[in-house]
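Working notes, beginning with the structure itself.
Read-outs throughout are calculated quantities, based only on the coordinates presented, and are distinct from any laboratory measurement. As the structure is a computational prediction, the values presented were derived from the model and not from experiment. Note that we place each Cβ from the backbone using ideal geometry, even for glycine, and neighbour counts take in every protein chain shown.
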Amino acid sequence: MNPFSSTLPHRVPGDVRQGPDTRHPYLYALWILFLLGPLVSCGQQEQSDVTAAPPPPPSVVAIRAETRPVDDQSQFVGRVVAVDKVELLARVQGFLKERKFSEGQQVEVGAELFLIEPDQYQAVVQQREADLAKAVADAQNADVQYARGRRLLKDSAISQSKVDVLKADALVAKASIDQAKAALVAAELDLGYTKVIAPVAGRIGLSKYTVGNLVGPASDPLATIVSGDPIYVEFPLTQRQLLESRREAQAKGGDAREMVVLVSLPDGTRYDQRGRLNFIDVTTDTGTDTVTLRAEISNPDGMLVDGQYVQITVQAGEPQAAIVIPQSALQVDQQGVFVMIIDAEKKAQVRRIEMGARTDVGTVVSSGLKEGELVISDGVQKVRPGQVVSAAPPQSAKSVQEDSGE
């Protein structure tokens, strides 16, 4: 007997069954794997085909490098300075009797602002007036005595020495008149100083003292008047920058004082008034090797305030043609500044550039870029050099975002 006969399938002669004998589970499982093998390998082939499909090229926004007229300009940090700034001081001592203004209001030249109690100074004036009247009377009496002495001298009724004394007394009396007049003028000045008058036009600030306080020449300023229109802006320039500006202006047949000065407010907006240089300092700051330049600018709305920091843009000469690209296109690494351009094969490539001045419309490219080249301005972080990209102009990209609801 075959020892394996109990594990082999038993077939009857003439049996035409094509499937396996299900009474043997191991052989049945092998049969199932044999039938499903081609189907599994086919599914794996389809899955690998799907995985191997390349991703779509990244979408970027590109703009063509354009040549535009660009003003030759430089930027500095400056400070606003009032044309007239006066600290009001008490010139005589006394108690404040009145304050005749509202803090922050516009005042005109000659406006009365404070009144210091004038009574004591009025009394001094009256006393000096009396002193002057007495001096005049004494002088008149001295003249009469001198005249009488001269007549008596003719009759030899008086000595010459006595006449000389009378003459001296008359001269002293006349000098006393001048002295009394000077004292009266001084008293009247002190009386006038009890009224604190605005010496310049402008806005007046906070009052440091209220009515009833004792003030005098040793006191702090009573208030400050600051003029507002026109106003100055001052900014430092190194000696090198000043020399370069002068040489460029001379080369163009102009004057450095004809430079246009623009001011940007603290929120970044450009002030709508233009200024002109009106002063270049005659000394150099030895600590910073800079020279202070000053420009005068109209300030009808009071947007510029004394002491305020602003950004100064100085434009010189006529606009020059230059390639300008958006600020967002600039990239920086250890080797310097570069941009990503799109070549004829629609591949992103690195292009090293040299930057020029920044303008309101973009950044000037001094070298490294040609007019008409496509520069990636948005989405540059999604690409790498040599990668194919899908580029769209800014308007088209914006439309796609709006249509997609982004």
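Sparse packing (at most 15 other Cβ atoms within 10 Å of the Cβ) combined with a DSSP loop state is found for the following trypsin sites (Lys or Arg not before Pro) in the stretch 295-391: K346, K370. Taken over the Cα atoms of the stretch 298-390, the convex hull encloses 168 Å³ per residue. Which of the lysines could be linked to K195 by a straight reach, that is with a Cα gap under 17 Å, when you skip same-chain ones fewer than 8 residues away? In chain and number order, the partners are K97, K100, K208.
Close amide H contacts of A201 (hydrogens built in the peptide plane, cut-off under 5 Å, sequence separation of 5 or more or a different chain): V109.
With only the Cα atoms considered, the stretch 86-226 has a convex hull volume of 114 Å³ per residue. Normalised by residue count, the stretch 186-317 yields a Cα convex hull volume of 191 Å³ per residue.
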